Amino acid sequence: MSIIGLDMGGTKCAAVLATDDGEILSSRRFPTRDVEGTLAGLEKAVEELKPVGRLLFGVSCGGPLDSPRGMILSPPNLPGWDRIHITQRLVERFGGEAHLMNDANAGALAEWRWGAARGCRNVVFCTHGTGFGAGVILDGRLYEGTSDAAGEVGHVRLTEDGPVGFGKAGSVEGWCSGGGVARLARSTAEARGLSRAFGRDSLAEVTARDVFDAARRGEELALEVVGISARKVGAALAVIVDLLNPEVIVLGSIFARCRDLIEPPMWEVLASEALPASLAACRVVPSELGERIGDCATVAVALYRTGRLGP
């Protein structure tokens, strides 16, 4: 048997070949195009990987999804992907079996198997990237919720007003995600009467990476924006700690790259807001898998759905 992992992203996709015990052997990457163009690219990538034997597909994709039916339901980063039966298409083309999972859940499984959450039974993995979602493992099992929508912490409102994320002003995603940091930076600069900041000639061009780079250079406005976002991360994590009492919270992407800038203000709020006993039992750590997490997540989907990843 060969495992094929497919990572569906808004700008790029990846296909990986792994052994039946999860060891990744090779990979292919290509830019995301329209629906048919991307599906054709995925099929070509699978062929180039030259898998042998019966195929087991694990597909990781941003939500919303109907995972049990293997259907992609127009995620914000994949416009036009409306009710696309990705698993059915793969099985019809290549045979074998295929499984679809939300990328935050898949990331949680990957960190649980190979990364920062190894050996734990109660885990929360937060994407902390372009968006802010969470995958939750409770008592050694992935918790997906009644309608496959558990872990959407990005939709939780932290303040009555604020940057918009996940369609809601003042939400966790609005304050804490990469997109939210960029929007906060632009609005703060505009409020100060600035037409350029964070190393950009136009505020419209400012990205989260620009803001964090400027903060590393010691620019006051960037440090202010990063501090605001980091404190909101702390508030969001306090809610997670109090509700779920995890052993470990793993933060991906932005936190993994910018821990030194985020951690001090984050912990200031987290320590003041979370229940002391619950917080004392919980570690907050960066992803260990780094840039490999997308590949590992797809393989973890295949392993978990076939009962080879778990207690």
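The values are calculated or read from the model by the stated rules, or taken from the named source; none is laboratory data. Bear in mind that the values here come from a model prediction, so they are computed numbers and not experimental data. Note that we place each Cβ from the backbone using ideal geometry, even for glycine, and neighbour counts take in every protein chain shown.
Worth a mention:
- Conditions (1) over 17 Å from the mean Cα position of the chain (by Cα); (2) in the same structural domain as TYR143 (by TED's automatic domain parsing); (3) of a type in the set (Val, Ile, Thr); number of the one not met by THR127: (1)
- Candidates PRO76, PRO68, filtered to the one that is assigned to a loop (DSSP other than H, G, I, E, B), surrounded by fewer than 21 Cβ atoms within 10 Å (Cβ to Cβ) and out of contact with any His (no Cβ under 6 Å at 6 or more places or on another chain): PRO76
- Leading residue by the ranking (surrounded by the most Cβ atoms within 10 Å (Cβ to Cβ)) among those in segment 45-62 that are over 11 Å from LEU17 (Cα atoms) and within 26 Å of the chain's Cα centre (by Cα): SER60
- Put simply, of GLY41, GLY37, GLY107, GLY53 the only residue that is out of contact with any Phe, Trp or Tyr (no Cβ under 9 Å at 6 or more places or on another chain), in a helix (DSSP H, G or I) and among the small types (Gly, Ala, Ser) is GLY37.
- The residues in segment 230-278 that are farther than 16 Å from GLU173 by Cβ and either among the small types (Gly, Ala, Ser) or not assigned by TED's automatic domain parsing to the domain that holds SER177 (or both) can be counted, and the count is 7.
- Members of segment 62-107 that are closer than 22 Å to CYS296 by Cβ and touching a helix residue (DSSP H, G or I) at 6+ places or on another chain (Cβ under 6 Å): GLY62, GLY70, ILE72, ALA98, HIS99, LEU100, MET101, ALA106, GLY107
- Within the set PRO264, PRO246, the sole residue that is touching a residue at least 12 places away in the same chain (Cβ under 8 Å) and buried (at least 22 other Cβ atoms within 10 Å of the Cβ) turns out to be PRO246.
- Any hit, segment 281-295, residues being surrounded by fewer than 16 Cβ atoms within 10 Å (Cβ to Cβ) and among the small types (Gly, Ala, Ser): yes
- Any hit, segment 8-25, residues being surrounded by fewer than 17 Cβ atoms within 10 Å (Cβ to Cβ), of a type in the set (Ser, Thr, Tyr) and outside the structural domain of GLY135 (by TED's automatic domain parsing): yes
- Unique residue being of a type outside the set (A, V, I, L, M, F, W, C), buried (at least 23 other Cβ atoms within 10 Å of the Cβ) and in contact with a Pro (Cβ under 8 Å, 6 or more places away or on another chain) when the list is GLY154, GLY174: GLY174
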